[in-house]
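Colleague: What follows is a single structure, and I will ask about it in a moment.
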Amino acid sequence: MRRVDWRGLESFNELRERQAIHALYQCCTSCIWAIRVAAGRPFPDEEALYNRSDLILAELSEADLEEALDGHPRIGDRPTNSSSAREQSGVAGADDAVLAELKRCNAEYEEKFGHVYLVFADGRPATELLAILHERMNNDPETERRFMRMELAKINRRRLRLMLEPAIRYVDEGEDAAS
């Protein structure tokens, strides 16, 4: 979808509706979120896109929110997509004992709150994410739901920023400026 001549927001605004929805779905796996954010095009600037994203996320029903969470693997599990792999890169080299504790605490969290532990990982180490998990286990369900929505908003914004970045054109070392 992203072309070598990708111009960020301008190119995103020019996508056909289905293409825009598909691009947004790669950022957040709620169909209604992707459809409603795409319906706000054209965006005058990136901040307008981010604000629309936040607004739509805040308005999602519980079922739509669950759909969005389905796109996020547990912290410490093998990521199922490149976005999650990048975001959880700090967990990759974690000690086995830390990973085992993450797995145990993830299960405890899901039992208590009924959904996956969601945190804006952004390359942070497993020990830090585990400490945050321990802290959030003290929340009541309503407070935790608010935290989870805030973390999802941060993740969506980060993924939207990456979506808008220009595609990188790789040139074979043998083909320098002469071509």
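The values are calculated or read from the model by the stated rules, or taken from the named source; none is laboratory data. No experiment lies behind these values; they were computed from the predicted model shown. Heads up, the Cβs are rebuilt from the backbone with ideal geometry, glycines too, and the neighbour counts pull from every protein chain shown. Remember, those area values only see protein heavy atoms, side chains included, never the ligands or the DNA or RNA. Shrake-Rupley method; radii C 1.70, N 1.55, O 1.52, S 1.80 Å.
Colleague: Provide the solvent-accessible area of D45, counting protein heavy atoms only and rolling a 1.4 Å probe, rounded to the nearest 10 Å².
Modeller: The accessible area comes out at roughly 70 Å².
Colleague: Can I ask one more? Using DSSP loop states and a limit of at most 16 other Cβ atoms within 10 Å to flag trypsin sites (Lys or Arg not before Pro), what is the longest stretch of the chain containing no flagged site? Each step should come with its number before you reach the end.
Modeller: Working: sites that count: R2, R3, R7, R16, R169.
Of all site-free stretches, the longest is 17-168.
Colleague: Over the chain, what percent of the accessible surface lies on carbon and sulfur atoms, probe 1.4 Å?
Modeller: On the way: 5130 of 10030 Å².
Carbon and sulfur together cover 51 percent of it.
Colleague: So what is the relative contact order of region 1-126, in percent, for Cα pairs below 8 Å that sit 6 or more residues apart?
Modeller: 21 percent
Colleague: Using helices alone, what [θ] at 222 nm do you get for the chain, with -39,500 (n - 2.57) per DSSP H run of 4 or more residues, divided over all residues and rounded to the nearest 500?
Modeller: -18000 deg cm²/dmol
Colleague: I would also like to ask the following. Whose amide H sits under 5 Å from the amide H of G76, counting only residues 5 or more places off or on another chain, with H placed in the peptide plane?
Modeller: none
Colleague: Once you charge only the Cβ atoms, +1 for Lys and Arg and -1 for Asp and Glu, what is the size of the charge dipole of region 1-138 about its Cα centre, to the nearest 20 debye? Numbers along the way, then the final one.
Modeller: Details: 16 positive and 25 negative charges, 93 e Å.
It works out to roughly 440 debye.
Colleague: Taking the alpha-carbon centroid of each part, what is the distance from region 1-79 to region 121-167 in angstrom?
Modeller: Each part's Cα centre sits 17 Å from the other's.
Colleague: Using only protein heavy atoms and a 1.4 Å probe, report how much of D96 is accessible, in Å² to the nearest 10.
Modeller: Number for this one is 120 Å².
Colleague: Along the principal axes of its C-alpha atoms, what lengths does region 1-111 span, in descending order and rounded to whole Å?
Modeller: Extents along the principal axes, in whole Å: 48, 35, 22.
Colleague: Compute from the Cα atoms of region 1-44 the Rg and the Dmax, the latter being the longest Cα-Cα distance, and quote both in angstrom.
Modeller: 10.0, 29
Colleague: I'd like to check one number: the per residue accessible area of the chain, probe 1.4 Å, reported in Å² as a whole number.
Modeller: It amounts to 56 Å² per residue over the chain.
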